[in-house]
Amino acid sequence: MRAAVHALIRFLLLVVFGARAGEPLEAPQAIVVGNHDTHLDVFLLFSLFPLRRVGRVRAVAAEDYFGRGLRGLLARALFRTLLIPRGSGDPQGALEPVRQALRRGESLVVFPEGTRGEPGVLLPFKSGIGALMEEFPRIPVYPVALRGVERTLPKGGAVPVPFVVEIRRLSPVTGEEMVARWGPSCRKAIAAELHDRIAAALAGEGETGPSAGEGRT
Amino acid sequence: MLLFLVGIAGLLLFFTAVSALLRWRKASLAEEVSARTETWWFMVAVFMTAFATHRMVSFLFLGFLCFSALREYFSLLPMGEKAGDKTLSFRDRPSILLAYLTIPASLWAAYVRWYELFIILVPVYFFLLAPILFVVQDRTEGALRSLGMVSLGALFFAFCLGHALFLVNLGAMVLFFCFFLTEARDVVAFWVGGALRGLVSRLGEGTARRILSRPVAPTINPRKTWVGGAVTALLTALLARLLVPLLPPLNGTPVDPLFGAAAGLVIGVLGFFGDLVFGMVKRDLHVKDTGTLLTGHGGIIDRVNGLVFTVPATFHLFYWRYF
């Protein structure tokens, strides 16, 4: 049932925004990390997973925003949200539900900026993602640059306006690789590295993603 | 008709095979031929749809084409807090949404065959509503620029290209006539250009060489020459004359071959400039081709740039003459 809804969503994303996910992620467990500008972002990142696995993917969301009401209900139904309290003062504790999900073998969709922010501006990544990668060093983490999406439904916008949206999936990293490079206790460095990779891709430099090479002259 | 369809199918399969071969051999022509072949497949699909199904199916197809082109145009323009020289503002989004909505409105007008409404939907209603929207948004700085950029998109891709809907109303074969000749013009231009360059390289320095290789707009596209364009237009007129027997009588009157050739000439000339016009737009925006700003998208504008010009002209020529 959830798969059918997601299939419909993907079709709509393709028709309205020209957004395509490319090859689905085959890894049994993965964390997908993206820039956050609109409410459409989570739909776009979910489209990277194969339909049959969509039930095992969970979106990490802010409890104060997605904890209640119709919004909370929809988020839970569609994305099986894991709620994190924002500004709780206990960063380790706040991530506990996320850790449990990872231990269960579930995949995650995470927005390390923590908020949508100004359209097109990439805020520094919170170090929680770094902490998770240190604790689970083998899980592949895919940084994804969502390009063009900030025009469709920026914060405060009411109706999504069609523009071309590109989902640029970058090559994966693991906690293992990061620790090998930066040494132990490198959560901030990991977060910064992910941030910089996505920033480069957003600016049009850096990696062009797996679907590149089809440009026409 | 059946023979004609088989002929087209055969031609297409031939081109697809050539394209695959070129790609396998990694020839430099591969891209160009590939893109053309894909466009031909698309065209045949449009034509078959128009011919074999209810008009509404063609309308949806063509409407989606207009939408894709318009969306690509708006996506090419950068967007910022304030409207800039060639930058949209976030506050332009409602007027952009309105621009998109002219497409379903046009679809409806085409469905009920209300041409008089279609003809003023974008140039009058949208064009006047957009600034009203801006006033309600209390815009001042950058209003002129935004209005210009948004209206231009609507006029090119909703209004001009949208005339294809009414070409369907005139008849599937008229639609085919226009699309086929526009695309054939591109193919012919390719060969004519090559032949001309070959000829020029064998001539010595002198006036003949200068005249033959004089480009129309060297900054935009140094490979498009006046002579090349003229020759291609004439060849397109000839091709059009050959296609006239395929056209059914329109409104009871058989199509005059000379008229057909004239229409072909118009298509030849306008198709030539279509490519240059959007080349100009891309240069102004410092974009190389409309598909690569956001990779893997497809470059719709690159494929319909001729049609934007030829479709409205073809429609009017046939409409005035026969309806």
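The values are calculated or read from the model by the stated rules, or taken from the named source; none is laboratory data. Worth saying up front: this structure is predicted, and the values here are computed from it rather than measured. Cβ sites come from the backbone with ideal geometry, for glycine too, and all protein chains shown count toward neighbours. The accessibility values were calculated without ligands, DNA or RNA, using every heavy atom of the protein model including side chains. Shrake-Rupley method; radii C 1.70, N 1.55, O 1.52, S 1.80 Å.
Points to keep in mind about this one:
- Volume of the Cα convex hull of chain A, divided per residue and given in Å³: 125
- Prolate/oblate/rounded call for the range B:171-323, Cα gyration tensor, a/c under 1.5 rounded: oblate
- Span-like helix ranges in chain B, DSSP H, alpha carbon extent 30 angstrom or more, Kyte mean at least 1.0: B:2-24, B:55-76, B:172-202, B:257-284
- Solvent exposure ordering (accessible area, 1.4 Å, most first) of B:Phe166, B:Phe273: B:Phe273, B:Phe166
- The simple Förster model, with R0 at 45 Å and r as the Cβ-Cβ distance, assigns B:Asp138 and B:Arg223 a FRET efficiency of 0.40.
- Between B:Leu60 and A:Ala27, the distance separating the two model label sites (each 7 Å from Cα on the Cα→Cβ line) works out to 3.9 nm.
- Lys/Arg +1, Asp/Glu -1 at C-beta; the protein assembly as shown dipole; positive extreme among A:Gly72, B:Ala262, B:Ala52: B:Ala52
- Cα convex hull of the range B:114-206, projected area averaged across orientations, nm²: 10.7
- FRET efficiency, B:Ile120 to A:Glu177 (Cβ-Cβ, R0 45 Å, nearest 0.05): 0.15
- Calculated diffusion of the protein assembly as shown, Stokes-Einstein form, Kirkwood radius summed over Cα pairs, 20 °C and 1.002 mPa s, µm²/s: 83
- Surface accessible to a 1.4 Å probe, A:Lys188 within the full protein complex, Å²: 150
- Taking every protein chain into account, the 1.4 Å probe leaves B:Ile211 with about 110 Å² of accessible area, to the nearest ten.
- When shorter helices are ignored and each DSSP H run of at least 4 residues is given -39500 (n - 2.57), the per-residue value for the protein assembly as shown at 222 nm works out to -18500 deg cm²/dmol.
- Computed Kirkwood radius, in angstrom, where 1/r is averaged over Cα pairs of the range B:27-131: 16.2
- Taking all protein chains as shown and a probe of 1.4 angstrom, B:Ser201 keeps an accessible surface of around 80 Å².
- Cα-centre dipole for the protein assembly as shown with unit charges at Cβ (Lys and Arg positive, Asp and Glu negative), debye to 20: 540
- Amide N proximity, the range A:143-184 versus A:Glu205 label position 7 Å along Cα-to-Cβ, cut-off under 14 Å: none
- Charge dipole (Cα centre; +1 on Lys/Arg Cβ, -1 on Asp/Glu Cβ; no other charges) of the range B:171-323 amounts to roughly 480 debye.
- Counting, for every residue in A:152-161, the Cβ atoms of other protein chains within 10 Å of its Cβ and taking the mean gives 3.
- Top of B:Asp92, B:Asp256, B:Asp138 by mean-square fluctuation, Gaussian network on chain B, Cα under 10 Å: B:Asp138
- Solvent-accessible surface ranking, highest first, for A:His39, B:His163, A:His195 at 1.4 angstrom: A:His39, A:His195, B:His163
- Solvent-accessible ranking of A:Asp41, A:Asp64, B:Asp186, largest area first, probe 1.4 Å: A:Asp64, B:Asp186, A:Asp41
- Stokes-Einstein diffusion of the range A:8-117 at 25 °C, 0.890 mPa s viscosity, Kirkwood radius from Cα pairs, rounded to a whole number: 169 µm²/s.
- Pairs of Lys residues in chain B that lie 8 or more places apart, or on two chains, and have C-alpha atoms under 23 angstrom apart add up to 6.
- Counting Cβ atoms of other protein chains within 10 Å of each residue's Cβ and taking the mean over peptide B:87-100 gives 3.
- When chain B is reduced to its Cα atoms, the Kirkwood hydrodynamic radius in Å: 21.1
- The range B:123-155 residues near the modelled B:Glu81 label - backbone nitrogen below 18 Å, point 7 Å along Cα→Cβ: B:139-143
- Label-point separation in nm, A:Leu12 to B:Leu212, each point 7 Å along Cα→Cβ: 6.0
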